[in-house]
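Note sheet for the following structure.
The values are calculated or read from the model by the stated rules, or taken from the named source; none is laboratory data. Computed from a predicted structure; not experimentally measured. Backbone-built Cβ (ideal geometry, glycine too); neighbour counts: all protein chains shown.
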Amino acid sequence: MSGRELFMAAPAPHAHAGADVGRTMRRVQLALLPATLFGFWVFGWPAVNLFVITVAAALLTEAWCQRLRGCESRLWDGSALLTGWLLALSLPPWAPGWIGALGGVIAIALGKQVYGGLGQNLFNPAMVARVALLVSFPVAMTHWVAPLPLGSAGAPGFVEGLRITLGSMPVPDAVTSASLLGHVKTELSRGVDLAQALDAAGGTLSAWHGVRAGSLGETGALLLLLGGLYLLARGVIRWHIPVGVFAGLALPAVVAHALDPAHSLSATTHLASGAVVLGAFFIATDYVTSPNTASGQLLYGLGIGLLTWIIRSWGGYPEGIAFAVLLFNALTPVIDRYCRPRIMGRTRRGAPIRATQGSAE
Amino acid sequence: MLAAILSLTILGAVLGAVLGVANRFFHVEGNPLVEEIEALMPGSNCGQCGFPGCAGAAAAIAAGTASPACCPPGGRSLAVTIAQRMGVSLAPGGADDPGPLVADIDESICIGCTRCIRACPTDAILGGPKQIHNVLRDACSGCAQCIDQCPTEAMVMQPVPITLQQWFWPKPALQG
Amino acid sequence: MGILDRFLRAAHFSGGVHPDDHKRPAADAPLRVMPPPARVYVPLVQHIGSPARAVVAVGDLVKKGQRIGEPQGAVSAAIHAPTSGRVVAIGDIVAPHPSGLPVRGITIASDGRDEWCELEGCDDPFALDPAEIGRRVAQAGVVGLGGAAFPSAVKLSGGLGARVELLIINASECEPFLSCDDRLMRDRAAEAVDGIAIMLHATGAREARIGIEDNKPEAIAAMRVAVAGQSRIRVEVIPTRYPMGSEKHLILVLTGREVPAEGRPSDIGVVVHNVGTAMAVRNAVRFGRPLVSRLVTVNGACVRQPGNVEVPIGTLAGEVLAFCGGLRADHGGPARLLLGGPMTGMQVPTLEVPVIKGTGGILVLDAAEVGEGEGGPCIRCGDCMRACPVGLLPLEIAARVRAGEVEKAAGFGLVDCIACGCCAYVCPSRIPLVQFFHHAKGELAARARGTQRNETIRTLTRAKAERLERDERDKAEALARRTAASLAAATEAAAAVEKAAARTNEESGACA
Amino acid sequence: MNEYLLLLLSTALINNVVLVKFLGLCPTMGVSKSVDAALGMGLATTFVITLAAAASWMLEHWLLAPFELGFLRILSFILVIAAAVQFTEMAIRKTSPALYESLGIYLPLITTNCAVLGVALLNVQQGYGFLKSVLFGFGSALGFTIVLLIFAGLRERLALASVPAAFSGAPAAFITISLLSLAFMGFSGLIPA
């Protein structure tokens, strides 16, 4: 029991709280699960196929890149799975399989592994892939379908679903629909009043229960909200970014809607439509690409919300959250540079505080 | 044709005049960098860098032809100071960097000839004729000028031993 | 002092962590006193500051409490023989330090009698001049027993040159596993309070506040009873949160005021002493007893009989463990041997290191207590930032240190890091953040030393060059003088010769 | 007023000189290793572009157009730009030696920053008035500075990442700026051309 070299040298602390990266990833996936299953139910087999293909592509690319780099495999830490998962949720549910596969490859290879893998990337990999796909294949990426819940009449069976995903069977025209934001954008550009446009859509586009057209995972906004609250309760994320995104989007929307209800959507419609909830809780909160400090996170969230509103209102794309997230990913180092916590015993600018000699209290 | 030549000439003349005046106004004397760097160098002119004296090395560093890390007696701290002053990044020191070397005397073969004492630019060697000499580690610049002077090869260059007060944790092995 | 008040206090510093405290059952086991071992190994530097100088020789007989090391310099501490016996060696011993480097120390073979030397006590310390108390405390070699081991006399008698209004007694003991202060307050509350009263007198502070974390109800009760008669000493219950025992954080929680960065508590009129130090001060002033033993918590899943032990300074850690029943082999065997607590304590490479004045605990932890696991790259989750009680960005600092940009790391407030370990404790990727900071601080210090050395050398070089030049000049001048003199002599001689010749000529001419 | 504001917004963000028009890539890649240097470079370039836009407008309208010397346009513009850069260089060397050293060769190379000449030539092409020319120049320069700053921030972080050897340095920087360009595409269509 004596002698040297008995104990390996290690620095303090010699205790650990027990947190690990895998646990965080698993919690996020758990929070996503209800909305994902809901998406499967609403859009049927093609959506399931797309999801599987996207996630598999992400995992395979991750494994391949790690092999190329010759580093030890961290395939099962759940990060690549989560990236593929988030990307799949942001795709049109009946998109052809190659879109998902290509997206998975872009997300992992260009978005993440080029920078050295987990924790090193500058942009959210899933959003890199989504934006790259949207810019490159605008038609395929804005091809929405009306909800056809599993088991309902007209819903494609497993084989039909597979054929849709593999592109050997065209999507029937009757199924084709538009997302609310896309519909509004088209109608407004044709000079149609907002009230009329929404009337024509018959309310089905903005249904709160989520049985509506949209990307695979964004429609179940209530379930996403539930998942987001779970993440908050678990301490996986903090409130600053989601609240910032919601406020940044809702505040200008409220003002604009009050000024010009005929041409601007109400705040509630903005919040309930598109990928705001998904983005605010699951995408903008990505640790690696968002600021660290509370003030920085709030600023970042507000910026994303505001930019999303600007792009939705005036931009060339109906939905802007992916662009807004990417842009603020890019701004994160700058935000981090200027939003730093105050160091104890120093002023915010970093100078030592002045000693005030005198009685305590 | 004439208009073209004339206009360009006038343009050139006017801009030249403006720049000439500006040059007067914004004139900078000499290169303060060389003097600044020279003031940082040990000044023992040991020649280990391969330049004629510290002034030569300072000029070469300022001109960018020599690395800020070219001065062995100055060691890592000097290299970092100069690199910072010049706004260049320094190649990270390899693991084989033994740190600064200082002279040490093997007392069993020192004959007390005082040649090393005369060669030392910093008076870091103590001792008199026929007495065993000793090196003051804190004052030794590591210039190695004493090494060749010793007739009995009692002088050697050795890394400074690490003491408890100076020890610190090594950088953790790279992760990720 | 209601719940609201307590809540407000807790809000004073952000960050910090709540590790499992593991204090019981060791804290509840009765205090044991360890007899002196056959040999003690006493390092000559057990404190912050310059090492002491040995004042005994090999072969000398020493009594317990006899001074064997003389302090050198303004910040230093005397060293005393922990037991009576014969000095058998003065030389290198393994330092109680993770590096395993040697330290100069005195080895004493005990004669088994444990005889005190003659001691100079004092019946009424309150009649003594504060400076005299300081002198006696310095004589006794008392240092801060909380871990930093700063010579106490310097802090006690206005050595820092500022007026002290408030004396804070640090009894928070926020480190998990450690309970020596807890045990001391439970068993010797009256003596500790007597020590605090003496310190109050010495510092000239108006009042003393004893900060105790609320996870030590027995100690709180005992201390409340002990301070009952003292109007100027108060017991303050503070929330349990690591690092409550950090000087600056304790001050913040107890007074609501921040110590300026790069400054000292005395800048805001506060001085902080550990409760164990108060005990040592009492022993030094009342009985003239120097600091030759201390309470050590022996704890960890691998220790057979965990508890608190009064151990003579210089006893080897292995012998203390043997006194506590030795080590258990179950739980997968010992994973780490620590001196101090798990958050800031030092891992030592061997059991053959001596207990010194700053050693508050000897812990032998198993793998589960250490919480070993697999590490990974930083995912920028920011948990370290939220855990940091100082308000730093550990992830940013570590990333820069990793890339070798130590100066940029310093720009992120590296100097303000108190190395409490909260960041590494919560890091999900298990990045050794504290090691990064230690490394960077060491690197910066080494560079500063290098710069200083270069400056010294430059001065010396210039001095020698000037001297040589002066010698040269002197020589040249002397030569010139000599030449001039000889020239003059020569001219004179020539003139004389000429004259003589002329005369001869004249004479010869006359002759002709 | 609104028109001028839109012009500024459009040149700074939507038709960003670096990310959409792909002008001035050389200094963008060269001086984006630290935020401080990038800020200095951005300010110097802003000064030069704005000055050059004003001077080139005067040159075009008072000299080249009246005397029908259109064939001398590029030559004379470069002359003016080179003079402006020389002036800036002297001024920076005098006022901020540290910035002067950190910018290094890229300071005199502002002359060959195609964004500068590009802005001057585009002004002529679009037939902007004086105020609009200056605003166009300033907006473009602002866009250049913004991108340089963002990119420098990203590269500072990139320098800390463990990028695979095959991609470290310029490749990763190019991929990053392409992704940044992708993000800027979100601005497209904001203001109808």
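Here are a few things to note about the model shown:
- Inter-residue pairs, beta-carbon under 8 Å, first at the interface with chain C (Cβ under 10 Å from one of its Cβ atoms) and in segment B:135-162, second assigned to a loop (DSSP other than H, G, I, E, B) and basic (K, R), 6+ apart: B:V160/B:R137
Residue-wise test of (1) at pLDDT 80 or above; (2) of a type in the set (F, W, Y); (3) buried (at least 17 other Cβ atoms within 10 Å of the Cβ).
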{"residue": "A:F158", "(1), (2), (3)": "yes, yes, no"}
{"residue": "A:L162", "(1), (2), (3)": "yes, no, yes"}
{"residue": "A:G167", "(1), (2), (3)": "no, no, no"}
{"residue": "A:T176", "(1), (2), (3)": "no, no, no"}
{"residue": "A:S189", "(1), (2), (3)": "no, no, no"}
{"residue": "A:L198", "(1), (2), (3)": "no, no, yes"}
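One line per residue, one yes/no per condition, for (1) within 13 Å of B:L8 (Cα to Cα); (2) facing chain B (nearest Cβ under 8 Å); (3) modelled with pLDDT under 90; (4) buried (at least 18 other Cβ atoms within 10 Å of the Cβ):
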| site | (1), (2), (3), (4) |
| --- | --- |
| D:I49 | no, no, no, yes |
| D:A52 | no, no, no, yes |
| D:W57 | no, no, no, yes |
| D:A65 | no, no, yes, no |
| D:E68 | no, no, yes, no |
| D:L72 | yes, yes, yes, yes |
| D:L75 | yes, yes, yes, no |
| D:A91 | no, yes, yes, no |
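- Taking the criterion of being aliphatic (A, V, I, L, M) and closer than 19 Å to C:L468 by Cα, the residues of segment B:110-163 that qualify are B:I117, B:A119, B:A124, B:I125, B:L126, B:A139.
- Exactly one residue out of C:E472, C:E455, C:E506, C:E492 is at pLDDT 85 or above and either exposed (fewer than 14 other Cβ atoms within 10 Å of the Cβ) or under 30 Å from B:W169 (Cα atoms) (or both), and it is C:E472.
- Considering residues of segment D:153-172 that are under 19 Å from A:D336 (Cβ atoms) and more than 7 Å from chain A (Cβ to nearest Cβ) only, the residue surrounded by the most Cβ atoms within 10 Å (Cβ to Cβ): D:R155
- Residue pairs meeting the criteria (Cβ under 6 Å; at least 6 apart or on separate chains; first on the phi < 0 side of the Ramachandran plot, in segment A:164-183; second among the β-branched types (V, I, T) and modelled with pLDDT of 80 or more): A:V175/A:V145; A:S177/A:V145
- All positions within segment A:62-85 that are charged (D, E, K, R) and free of Cβ contacts under 8 Å to residues at least 12 places away in the same chain: A:R67, A:E72
- Residues (touching a residue at least 12 places away in the same chain (Cβ under 8 Å) and of a type in the set (A, V, I, L, M)) located in segment C:96-139: C:V103, C:I106, C:I108, C:A109, C:L119, C:L128, C:A131, C:I133, C:V137, C:A138
A quick yes/no check of all residues on (1) over 28 Å from C:R32 (Cα atoms); (2) assigned to a helix (DSSP H, G or I); (3) modelled with pLDDT under 90:
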{"residue": "C:D181", "(1), (2), (3)": "no, yes, no"}
{"residue": "C:R186", "(1), (2), (3)": "no, yes, no"}
{"residue": "C:V193", "(1), (2), (3)": "no, yes, no"}
{"residue": "C:I196", "(1), (2), (3)": "no, yes, no"}
{"residue": "C:M199", "(1), (2), (3)": "no, yes, no"}
{"residue": "C:R224", "(1), (2), (3)": "no, yes, no"}
{"residue": "C:G229", "(1), (2), (3)": "yes, no, yes"}
{"residue": "C:K248", "(1), (2), (3)": "yes, yes, no"}
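Table: residues versus (1) crowded, with 24+ Cβ neighbours inside 10 Å; (2) more than 14 Å from chain D (Cβ to nearest Cβ); (3) in a loop (DSSP other than H, G, I, E, B); (4) of a type outside the set (S, T, Y).
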{"residue": "A:S295", "(1), (2), (3), (4)": "no, yes, no, no"}
{"residue": "A:G303", "(1), (2), (3), (4)": "no, no, no, yes"}
{"residue": "A:I310", "(1), (2), (3), (4)": "no, no, no, yes"}
{"residue": "A:P318", "(1), (2), (3), (4)": "no, no, yes, yes"}
{"residue": "A:A322", "(1), (2), (3), (4)": "yes, no, no, yes"}
{"residue": "A:V325", "(1), (2), (3), (4)": "yes, no, no, yes"}
{"residue": "A:M344", "(1), (2), (3), (4)": "yes, yes, yes, yes"}
{"residue": "A:R348", "(1), (2), (3), (4)": "no, yes, yes, yes"}
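- Restricting segment D:173-193 to residues that are within 7 Å of chain A (Cβ to nearest Cβ) and hydroxyl-bearing (S, T, Y) leaves a set whose member that is surrounded by the most Cβ atoms within 10 Å (Cβ to Cβ) is D:T176.
- Any hit, segment D:123-134, residues being within 14 Å of chain A (Cβ to nearest Cβ) and not β-branched (V, I, T): no
- The listed residue being surrounded by fewer than 19 Cβ atoms within 10 Å (Cβ to Cβ) and at pLDDT below 95, out of C:P71, C:P36, C:P102, C:P98: C:P102
- B:W167 fulfils the conditions (1) under 21 Å from B:G74 (Cβ atoms); (2) in contact with a His (Cβ under 9 Å, 6 or more places away or on another chain) except for a single criterion, (1).
- Meeting the requirement of 1 or more residues that are within 10 Å of chain C (Cβ to nearest Cβ) and surrounded by fewer than 20 Cβ atoms within 10 Å (Cβ to Cβ), the helices (runs of 4 or more DSSP H) wholly within segment B:32-94 are B:32-40, B:75-86.
- With respect to the conditions (1) within 25 Å of C:G358 (Cα to Cα); (2) in a helix (DSSP H, G or I); (3) more than 20 Å from the chain's Cα centre (by Cα), C:I210 lacks only one, and its number is (2).
- Close pairs (7 angstrom Cβ cut-off, 6 or more residues apart or separate chains): in contact (Cβ under 8 Å) with a residue 24 or more places away in the chain in segment B:47-61, in a helix (DSSP H, G or I) anywhere: B:A58/B:V34; B:A58/B:I37; B:A58/B:E38; B:A59/B:V34; B:I61/B:I37; B:I61/B:I82
Residue-wise test of (1) of a type in the set (V, I, T); (2) in contact with a Gly (Cβ under 8 Å, 6 or more places away or on another chain); (3) in contact (Cβ under 8 Å) with a residue 40 or more places away in the chain; (4) within 7 Å of chain B (Cβ to nearest Cβ).
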residue: C:E374; (1), (2), (3), (4): no, no, yes, no
residue: C:P389; (1), (2), (3), (4): no, yes, yes, no
residue: C:L392; (1), (2), (3), (4): no, yes, no, no
residue: C:L414; (1), (2), (3), (4): no, no, no, no
residue: C:T456; (1), (2), (3), (4): yes, no, no, yes
residue: C:R470; (1), (2), (3), (4): no, no, no, no
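- Once segment A:82-99 is narrowed to residues that are part of a helix (DSSP H, G or I) and over 14 Å from the mean Cα position of the chain (by Cα), the residue that is nearest to A:S136 (Cα to Cα) is A:I99.
- Count - residues of segment C:339-353 that are in contact with an Asp or Glu (Cβ under 9 Å, 6 or more places away or on another chain) and among the aliphatic types (A, V, I, L, M): 2
- Restricting the first member to segment C:324-353 and to residues that are more than 7 Å from chain A (Cβ to nearest Cβ), and the second to residues that are among the basic types (K, R), the beta-carbon pairs closer than 9 Å and six or more apart or on different chains are C:C324/C:R32; C:C324/C:R304; C:G325/C:R304; C:G326/C:R304; C:R328/C:R304; C:P334/C:R328.
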